[in-house]
Structure formats: C-alpha cells, structure tokens
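The values are calculated or read from the model by the stated rules, or taken from the named source; none is laboratory data. Small disclaimer: the values here were computed from a predicted structure and weren't measured. Cβ atoms come from the backbone with ideal geometry, glycine included; neighbour counts cover every protein chain shown. Quick note on the areas: whole protein, heavy atoms, side chains included, nothing else; ligands and nucleic acids left out. Shrake-Rupley method; radii C 1.70, N 1.55, O 1.52, S 1.80 Å.
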Amino acid sequence: MKKTNAIVFLGLALALSANSFAQDFDDFGSFGDFEDESASSSKLELNGSASVEVRAYVDADKAEDVEVKATPSGKLSLKYDGNKSDMNITLSIDAEKVKSHPEDIVDELVLRGYFGNLMLETGKLKVVWGKGDKLHVFDNFNADDYSDFIITDYIDRRISTPMIRGTYSFPAANINLEAIYTPLLSTDHFATEGRWEPAQLSSLTDGATKIVSMNLLGLEAKAAAANAEAAAETNASAKAAKQQAAIAADKAYLEYLTYANELSSNPDSIFPDLMNLKYSQYGARILGTVGIFDFGASYYYGWYKQPSVNYSSYIESIDGMKATIASNPTTLGVAYAELISQGKSQSEALQSLAVANAWQFSLPTLDYDRKQTFAVEGATVVWHFNLRGEFAYNLTDDFDGTDPWVHNNSIAWLGGFDIDLPFWNANLNVQETGTLILHGDECDTNQNQYAEYNANDVDYSKNGYTNNKIVCNFTTSFLNDRLTPEITALYGIENGDLVILPSLTYKPDQNLTLTAKGMYIWCRDEYSEFSAWEKNSFVSLSAQYQF
C-alpha cells in the first residue's frame, strides 16, 4: 500500500469516529485532574510479545546440508475501551514484513463506535466470515500471507485491509445484519525468494524478464543498424531522412531500456496497480439463531486475491511473427529452417529471428478476476458434536467457461465437527473442504488449444476440476494446561498431498511459552498441489515471551 493512500484513509477513519471518541475523552476531565487515576488509566491496555524460532529443514542427503534459520518477531498492542467507543492498534514485526511489505507492520488499527443497536468500525481490519474452524470458503475480504506457506495460524496469516464495517443487532430477534465496504484490494502475499517461493511466480517473472531482454536486444540492433546506415549515406537528402530514422530508433531503444531497468529492479511492476477504486470490495451478511441452530447468508462483490495471466496479446505477437516468416519463404523461411537444422527448437528459432529483425513479443498481462460470492452457513450441536458447514457459489465474468484467461464459475463447500473426548482434556476436530470448477471440459479444450505456447487456462488442472481436502486436528493438555500436545493432518484427495504438523507447547509460567513443532510434506507425484515444497519438511524450536 502506498503510504499516502494509507494516511488519507486512516485520516478519514479518524474523522468518522471523532465525535464518539471526543465524548469518551471528555470523561478524563482536564489534564491536571488526577482525582480518579485508576478509573481513567484502566481504560488503556498495553501488551505485546517477543519471540524467536529456530527452524531446521531436514530433507537433506547429508547432515552438513541441513539448512538452519532463526527468525525473530514481535507484536505490540494498544487498546482503549471507552463508554461509547474503543480503539485498538496492533503492530507486527518480522523480517519478511520489513523487507517486502512494510505497510503490514500495522497488523490492525480499529476504531469502533457504538450507537444504540448499531456498531460502526473503521480502520485497517481483519474480519472472518463463515462458521468453519480456521477453514472457510467465502471469507473474501482479507487476503492471505503465504510467505511462510500455511504454517501460520489462520488469523495471523490474514492481511488486514482498510475498510468500513457496520453491524446492526435487531432488538426484537436474534438477528444481526453486517455490511462492509473497502476501497482497496489486498492480495495474497508469497515469498519472493527461497524455499517457499511458488514456482509459478518465479517462472512468470523470469519469463517476462526474458521477453523484455529479447525485445531490448532487437531494438538495440535496429538502432545500431539505423545509425550505421545514416553514417554511411552520402546523399544529403537521403542522409537527413536516415538520420531522422536513426533518432527514432534510438528513442525507441532508450524508452524500452528504461522500462527494462524498471522491470529488473522491481519485478512486481508487471502486476496491475491496485491503488484505485476499480478494485473496491463490498458485501453484506445476515446472521441469526433459532434454538440451537445458528444460520447465516452473505453476498460479496469483489475480486480473486491471486492474479490470472492473460496470454492473448503474447499469442497474437507470436502468430504475427509466424505469418511474417510464412509470407517470406525465400528469406525468413530459409533462415528459420536453417536455425531448426542447427538443433534449435521452434521457440528458440523464433526468438533468434525476432531479435535479428527487431520483432517485439507482447508480454502476457496480469489482472485480478472479478467475482461475486453467494453463500450460506450454519452450525448446531447434535449430542456431543459441534457441527458446522459452509456453501458458496462464485460467479465470475466467464459464465460459460470459454475464456481461458478468466476464472470459471465454481462452487465451494465445507463441513465438519469437533467433539470433546472423555480423556486427557482432548478435542478432535475434523473438517472437509472442497471446490468444483464448473465447465471444466472447456478448460481441457483451452489447454489443448494453447499448449504449444506454454499457456495455461487459469483453471486447468491435471488432476481434474474438484479439489477436496480433509483436515484433522487433535489437541490435549496436561499439567493444568501447561503442557499441550497437538497434531494437525491435511490430506488432498485428488492431488495426493499429505501435510502433518505436530507440536508440543509448554508454559513454565503465564508469560513464557516454549514450543517444539515440525512439518512433514509428502506428495504423490509432480502434479500434487504442494509438490514444489515437498523438500521443505522441518523441525523447529521457539520461545515467546508475553507482557
């Protein structure tokens, strides 16, 4: 987020809540009045934590090749509770945020006012929609930070977003109505280097850089040739014309050189600029209770949090080059055949001719697909089981699935339960979540159509168009909850992924927490969802001190 936009938005947020906060601060009286110090000071609460984790990645052939990494982090929270308003701000600091996303050091900033049955919130917020337990299928407003894979707890992984939120509680019924508007789109974060960098991200930026480099070489060669022709020309009028052509060629080269340098220093520049109201999000949700049954329904209008790649202009430029070669069989056609006879692939031969003739490859473009989500949710208790469920329908701009560069419509679901077991203070939590891409046959057609360009339909999957996962969590505690073992297992049914996350937490006192944990990843084959990270199994030790 650009600092200017953040400051403007937070300024507006402060203005919206100024009236209610002024009423609360009047309760303090003048600065010289200390007759009720305990009453006033009790409204302010400051706390935080400092932690360090030492992690060893154990999938190495030799002990000396085991990678060890120490990661410090910290949090600081300030909270104010008033009569008709409250405020809290949380700062979260770690190396990844400082390096890549300094705007997320402000983890949350919430200004909240109470107006009878209406509660208004504004600032930089995290909200959770859905009855699932740390798993949801329509929790759309906040993006996720995957720079440390899926290891982080759900709420800590969420990226706060500037928004305005209102909640109205109907006095005559157990019904709440919630509405949210956010002018900005936060998108998923990924590691930009190292073990957790997604292969798709690195190949995308590397591919764009390679295309720009080839285009630059072609323009450079064209400018050099134009200058050489101008210098060799002896006829005055022809020389003037060629000098003008050389100047134009130099200008085109220098402009593209500037662009190439910007892309080299900032690969994220290929992503669209999100700092405009086009990417606003809004939605509404109604929640109610009838007896022991909680229910809800919601609507969301916004965007996917990961970009889609549009190869149409790139494919058009390649097809144009092929047509040019075909229309000049005695020159370009012969040169192309010669390159093929030298052992070059079709793409390599095309690249060589593109550079030699200053043909320009168009870059694939990226954008975030619009979507509307219609969802229902419910939770109840049956015997000792706490049951929960969610269902969502995602409507996109590609209703019939024929646009390969836009997400198809889809449905998503979640169902599960948890139960307290009659031993060891244990709890078992089981949830199943899945998605179904509609019109998946169109994705197969598109994949075959564009396979020669290495261009994928955004929804194409080698393992089909359903993606189901089962997630089980078992927790227990001993020594008056000071010793807490826990194990979580995730299995991807279609993709053949298994992730196991065991942990053991010990609290020698209320402020200090010591944790030993690990992660094991197994993948069925190279087409598994997590195959790029199969070698990232680890063990770790961490300590956290809270104050």
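At-a-glance table
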| read-out | value |
| --- | --- |
| Given (1) buried (at least 17 other Cβ atoms within 10 Å of the Cβ); (2) under 23 Å from the mean Cα position of the chain (by Cα), index of the condition Thr466 fails | (1) |
| The stretch 277-298 residues that are over 20 Å from Gly132 (Cβ atoms) and touching a residue at least 12 places away in the same chain (Cβ under 8 Å), paired with ones that are surrounded by 14 or more Cβ atoms within 10 Å (Cβ to Cβ) and among the small types (Gly, Ala, Ser) (beta carbon under 6 Å, 6 or more apart) | Gln281/Gly302 |
| Residue in the stretch 193-213 that is of a type in the set (A, V, I, L, M) and over 22 Å from the mean Cα position of the chain (by Cα) present | yes |
| Unique match (being assigned to a helix (DSSP H, G or I) and within 30 Å of Ala375 (Cα to Cα)) among Lys222, Lys278, Lys239, Lys251 | Lys278 |
| Scope the stretch 189-234; condition open to solvent by less than 30 Å² (accessible area, probe 1.4 Å) and farther than 25 Å from Pro267 by Cβ; matching residues | Ala223, Ala226, Ala230 |
| Every pair of residues 6+ apart whose Cβ atoms lie under 7 Å, when the first sits in the stretch 459-470 and is within 19 Å of Asp400 (Cβ to Cβ) and in contact (Cβ under 8 Å) with a residue 40 or more places away in the chain while the second is part of a loop (DSSP other than H, G, I, E, B) and not hydroxyl-bearing (Ser, Thr, Tyr) | Asp459/His407 |
| Test: residue in the stretch 153-165 that is farther than 30 Å from Ile419 by Cα, open to solvent by 60 Å² or more (accessible area, probe 1.4 Å) and touching a residue at least 12 places away in the same chain (Cβ under 8 Å) | yes |
| Hits in the stretch 105-151 (condition: free of Cβ contacts under 8 Å to residues at least 40 places away in the same chain and not in a strand (DSSP E or B)) | Ile105, Gly116, Lys126, Val128, Lys134, Asp139 |
| Selection from the stretch 171-186 of residues that are more than 14 Å from Lys124 (Cα to Cα) and modelled with pLDDT of 95 or more | Ile175, Asn176, Leu177, Glu178, Ala179 |
| Checking Leu479 against (1) in contact with a Cys (Cβ under 6 Å, 6 or more places away or on another chain); (2) free of Cβ contacts under 8 Å to residues at least 24 places away in the same chain, the condition it does not meet | (1) |
| Failed item in (1) within 27 Å of the chain's Cα centre (by Cα); (2) part of a strand (DSSP E or B), with Glu494 passing the rest | (2) |
| Pairs with Cβ under 9 Å, 6+ apart, first in the stretch 316-327 and under 14 Å from Leu363 (Cα atoms), second hydroxyl-bearing (Ser, Thr, Tyr) | Glu316/Ser362; Ser317/Ser362; Ile318/Ser347; Ile318/Ser362; Ile318/Tyr453 |
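So that you can scan it fast, the table gives a plain yes or no per residue for (1) over 28 Å from the mean Cα position of the chain (by Cα); (2) modelled with pLDDT of 95 or more; (3) open to solvent by less than 20 Å² (accessible area, probe 1.4 Å):
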site	(1), (2), (3)
Ala375	no, yes, yes
Val381	yes, yes, no
Asn386	yes, yes, no
Ala392	no, yes, yes
Leu395	no, yes, no
Phe399	no, no, no
Asn408	no, yes, yes
Gly416	no, yes, yes
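Residues checked against (1) over 30 Å from Pro422 (Cβ atoms); (2) not in a loop (DSSP other than H, G, I, E, B):
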residue	(1), (2)
Thr488	no, yes
Gln510	no, no
Asp525	yes, no
Glu529	yes, no
